[in-house]
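The values are calculated or read from the model by the stated rules, or taken from the named source; none is laboratory data. Note that the coordinates shown come from a computational prediction; the quantities given were computed from them, not determined experimentally. Don't worry about glycine lacking a Cβ; one is built from the backbone with ideal geometry, like all the others, and counts go over all protein chains shown. Accessible surface is based on the protein model in full, side chains and every heavy atom, while ligands, DNA and RNA are left aside. Shrake-Rupley method; radii C 1.70, N 1.55, O 1.52, S 1.80 Å.
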Amino acid sequence: MTRVSTAPLYSAETIAIGSELLVGGRSDSNSLFIADALAAIGVEVRFKSIVGDDEGDIGHALKIARHRAGLVIMTGGLGPTVDDCTREAVAATTGSRLARRKEALEGMAARLAQWGRVPNRGQLRQALIPAKAMVLPNPVGSAPGFMLRWRGTQIVALPGVPSEMRAMMEQSVIPLMRAHLGRSKGPRPQPVTRMVFHTWGLPEAEIDTKLEGLIPKRGPIALGLLASPTGVLVSLTTKAAGSKKGDRLPSLVEAVRQRLREWIYAEGHDTMEEVVGRLLIERKRTIAVAESCTGGLIGHRLTMVPGSSAYVDRGAICYSNRAKTDMLGVPANLIAQHGAVSREVAQAMATGMRERAGVSVALSVTGIAGPGGATDTKPVGLVYIGLDGGPGETRTKECRFHGDRSVIKQRAAQAALDMLRRWLIQRG
């Protein structure tokens, strides 16, 4: 007798495919996006797997997932190269032959034509889709996805490129799953409500202390803390929003705001650079950045925001002492007296940049990112941030960060942007 999955459709598993995900250097961000998107329609991701580019391993992971999830979303392995074998693995596992599907071929050819290209032999493989599957169009890339039902489990295969996966989730998968859930018998799944607060300036343990006693244990609302180089993310999650048990959510949200008011810089999906960008526009200010240890990271983050040309004027990577003197006018004797990593030099860098750029405000960063360069009095992680907003509007800040070189650079950039954010709010 054939064993059929009894897992409800509102439980899900993600399978990230790609050998590069197993050897370090690249993380799987797709599963996090999928989990959030599914939670909004009441589908809970219960498991996550990562598999290399091996047809047998992919098939094995799919068989396991089928028994514990009503929905399996696979990402990766749909490209044109020989190591892209998700199509073959799904076809072999489900017993559905591969066929060149007209809609897949036409969609891929149309996309490539927009780029002035025609499908080559490898790309023609991308039009091979399991015969029983529904083709999912790719609105931003060339590789189509597909969806099929196998032994009671809904299987979705999407490209691994994050921008393509996200577009296909939003435009195809979520609408299809929402419609399917609406037709299904039994109780409707409850969408997950999640309020997110982004904080900077307090470690995870101190935030936990400030929120102590706020959330009842084993209640319908869960408190989550997640530390990263850009701060601590605080979340309130519930499936009971709108019910009597979930009525406490608005009051708890306000309580978190009150307890962490000084350290919350954003809510929801906003980033620090987006918050700063809006403040610069609202205050009609322009900015220039002089960076040493962050190596252009602050400028990169500011200009990742669409429309940032309205307020970002310029940036300079003044890494050497000579660059600080030549480009910003920092006196050589000031560097000799206090050292390049000092409060005095950070201030001189900010002032020099503002005067040369003619902007409203300038930021500067100088520090020791490590692993070398430290002294007995100036350890790895020592960073000075300077800000110059005009006469009488100068300030500096000393920070001491821990972590490797990359983490220190990220924390220094975040601290500099937060310093700018607070200054803009105070000058509002």
In Å, what Kirkwood hydrodynamic radius results for segment 160-224 from the alpha-carbon pair distances? 16.0 Å
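Rounded to the nearest 500 deg cm²/dmol, what is the calculated helix-only ellipticity per residue at 222 nm for the chain, with -39500 (n - 2.57) per DSSP H run of length n ≥ 4? Don't skip to the answer; put the middle values down first.
Values: 15 runs with 155 residues, N = 428.
It lands at -10500 deg cm²/dmol.
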Cα-Cα P(r), segment 108-186, percent of pairs per 10 Å interval: 17, 45, 27, 9, 2
So how strong a dipole does the chain carry about its Cα centre when Lys and Arg Cβ are +1 and Asp and Glu Cβ are -1, to the nearest 20 debye? 1380 debye
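Are there any chymotrypsin sites (Phe, Trp or Tyr not before Pro) in segment 73-158 that are in a DSSP loop and have at most 11 other Cβ atoms within 10 Å? List them by number.
Details: sites: Trp115, Phe146, Trp150; in loops: Trp115.
Sparse-neighbourhood loop chymotrypsin sites (Phe, Trp or Tyr not before Pro): Trp115.
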Given H placed 1.01 Å from N in the peptide plane, which residues other than close sequence neighbours of Phe146 have an amide H under 5 Å from its amide H? Leu136, Ala157
Taking just the alpha carbons, could you work out the radius of gyration and Dmax for segment 1-151, both in angstroms? 15.6, 53
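Going through segment 257-360, which chymotrypsin sites (Phe, Trp or Tyr not before Pro) have at most 16 other Cβ atoms within 10 Å and a DSSP loop state? If you can, show how the numbers build up before the last one.
Working: sites: Trp263, Tyr265, Tyr311, Tyr319; in loops: Trp263, Tyr311, Tyr319.
Sparse-neighbourhood loop chymotrypsin sites (Phe, Trp or Tyr not before Pro): Tyr319.
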For segment 133-170 versus segment 84-118, the gap between their alpha-carbon centres in whole angstrom: 11 Å
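Express the C-alpha Rg of the chain as a ratio against the empirical globular expectation 2.2 N^0.38 Å, rounded to two decimals.
Values: Rg = 26.0 Å, N = 428, 2.2 N^0.38 = 22.0 Å.
Working it through for the chain, the quotient is 1.18.
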Output wanted: per-residue J couplings in Hz (rounded whole) for segment 342-355, from phi through Karplus 6.51 cos²θ - 1.76 cosθ + 1.60, θ = phi - 60°, x for Gly and Pro. 7, 5, 5, 6, 4, 5, 5, 5, 5, 5, x, 5, 5, 5
State which entries of Lys210/Lys397; Lys48/Lys217; Lys210/Lys378; Lys48/Lys210; Lys217/Lys409 exceed 29 angstrom in Cα-Cα distance in the structure shown. Lys210/Lys378; Lys48/Lys210; Lys217/Lys409
From phi via Karplus (6.51, -1.76, 1.60), per-residue ³J(HN,Hα) for segment 191-196 in Hz, x at Gly/Pro: x, 8, 9, 9, 9, 10
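For segment 351-405, with every protein chain kept in place, what is the accessible area per residue (1.4 Å probe, Å²)? Please list the in-between numbers first.
Details: 2510 Å² over 55 residues.
Ligands and nucleic acids excluded, the result is 46 Å² per residue.
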Using bins 5 angstrom wide from zero, how does P(r) for segment 58-217 break down, in % of all Cα pairs? 1, 8, 15, 17, 16, 11, 8, 8, 7, 4, 4, 2, 0
